[in-house]
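Here, each number is a calculation from the coordinates, and none is a lab measurement. What you see is a predicted model; the values in this text were computed from it and never measured. As a convention, Cβ positions derive from the backbone with ideal geometry for all residues, glycine included, and neighbour counts pool all protein chains shown.
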Amino acid sequence: MPVAIITGASKGLGRALAGSLAQRGWDLVLDARTESVLTETAEQVRRRFGTRVVALAGDVTRAGHRGDLVAAAQELGSLDLLVSNASALGAEPLVPLAELPLDGLREALETNVVAALGLVQEALPLLRTGTAGGTEPDTAGAVIAVSSDAAREAYATWGGYGSSKAALDLLTRVLAVEEPGLRVWAVDPGDMRTDLYEAAVPGDGDAGARPEPESVVPAFLRLLDERPASGRYEAAALLAGR
């Protein structure tokens with residue numbers, strides 16, 4: 001069975017993606033910081049779909065934890081997909097750049113960029129072969145970096161978070177050039193109703209109108225099914241068939 005590592009998997013998009021992959025028979029290594037919530041998510045996925053699910057609570061900014069995630073995937077037999085979904089805002093709620101704590105910016109960069117690269121570095125030997133044991137793009141593993149429209153648009157108060165996601169976008173582009181045997185996709189999921197957004201903009205009157213994370217998961221599944229060229233994709237375009 002194929003194996004995926006998903007960071008930030010206890011709730012929101014990570015949890016929705018974990019459930020959809022398990023429904024397809026994937027085995028999973030799930031990460032999040034809050035152990036109780038992660039354990040509950042893993043148990044629900046395991047019970048419902050019967051796949052192997054390893055839940056490892058921890059901080060992806062720590063090298064030892066990243067090593068544990070990859071070791072768990074290796075014990076399951078392979079690593080076919082690495083999803084960097086764990087994110088930090090830099091300030092909760094978001095504030096203008098003039099007020100952004102520099103330690104908050106460092107946290108966003110450390111979680112959203114440095115940890116994502118560190119996990120890729122740790123996982124590359126497994127990703128280069130995947131389940132099929134091949135090194136061509138159709139047989140080797142894939143990397144998905146969850147991006148944001150804030151990486152491309154200048155939204156007030158989103159400067160710290162957006163700059164970290166812009167750096168993540170460039171990192172994935174370079175990785176795709178350097179690792180042509182992999183599929184490397186940055187995906188902008190668009191607006192979603194998540195705890196991350198609520199922390200960023202608490203009390204937003206439009207929050208209830210935002211789509212649930214489950215609604216964008218088919219865009220991610222389309223990438224896995226069709227395996228298009230490495231690059232940056234918007235979930236809305238993938239869902240519209242473009």
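Taking the chain as the reference, fit the longest principal axis to its C-alpha atoms, fit the long axis of helix 217-226 to the helix C-alpha atoms, and give the angle between the two in degrees, 0 to 90, nearest 10.
Helix 217-226 and the main axis of the chain meet at about 40 degrees.
If you average the sequence gap of Cα pairs under 8 Å that are 6 or more apart and divide by the length of region 67-175, what percent do you get for the contact order?
33
Over the chain, what is the relative contact order in percent, taking alpha-carbon pairs closer than 8 angstrom and at least six residues apart?
18
Kindly express, to the nearest 10 degrees and within the range 0 to 90, the angle between helix 115-127's C-alpha long axis and the longest C-alpha principal axis of the chain.
Tilt relative to the chain: about 10 degrees.
Output the 0 to 90 degree angle, nearest 10, between the alpha-carbon long axis of helix 35-49 and the longest principal axis computed from the alpha carbons of the chain.
50
Over what distance in Å are the Cα centres of region 156-228 and region 51-126 separated?
Using only Cα atoms, the two centres lie 14 Å from each other.
Provide 1, 192 in ascending order of the number of other Cβ atoms located within 10 Å of each residue's Cβ, fewest first.
Taking fewest neighbouring Cβ atoms as first place, the list is 1, 192.
Give the Cα extents of the chain along the principal axes, in whole Å, largest first.
So the extents along the principal axes, rounded to whole Å, are 50, 39, 39.
How much length is gained if the chain between residue 74 and residue 154 is pulled fully straight, taking 0.36 nm per residue apart and subtracting their Cα-Cα distance, in nm to one decimal?
The span from residue 74 to residue 154 would gain 24.7 nm if fully extended.
Say each of residue 195 and residue 237 gets a label point 7 Å from the Cα, pointing the same way as Cα to Cβ; how far apart are those two points in nm?
Label at residue 195, label at residue 237, 3.2 nm between them.
So for 175, 17, 221, fewest C-beta neighbours within 10 Å to most, what's the order?
So the ranking, lowest neighbour count to highest, is 221, 175, 17.
Rounded, prolate or oblate: pick one for region 176-242, where a ≥ b ≥ c are the square roots of the eigenvalues of its C-alpha gyration tensor, a/c under 1.5 means rounded, and failing that, prolate if a/b is larger than b/c, else oblate.
Prolate.
Which of 185, 158 has the fewest other C-beta atoms within 10 Å, and how do the rest follow up to the most?
158, 185
Per-residue ellipticity at 222 nm for the chain, helices alone: DSSP H runs ≥ 4 residues times -39500 (n - 2.57), over residue total, nearest 500 deg cm²/dmol?
-13000 deg cm²/dmol
Please give the length that would be gained between residue 46 and residue 99 if that part of the chain were fully extended, namely 0.36 nm times their separation in residues minus their C-alpha to C-alpha distance (nm, one decimal).
Details: separation 53, 0.36 × 53 = 19.08 nm, distance 4.36 nm.
Gain in length upon complete extension: 14.7 nm.
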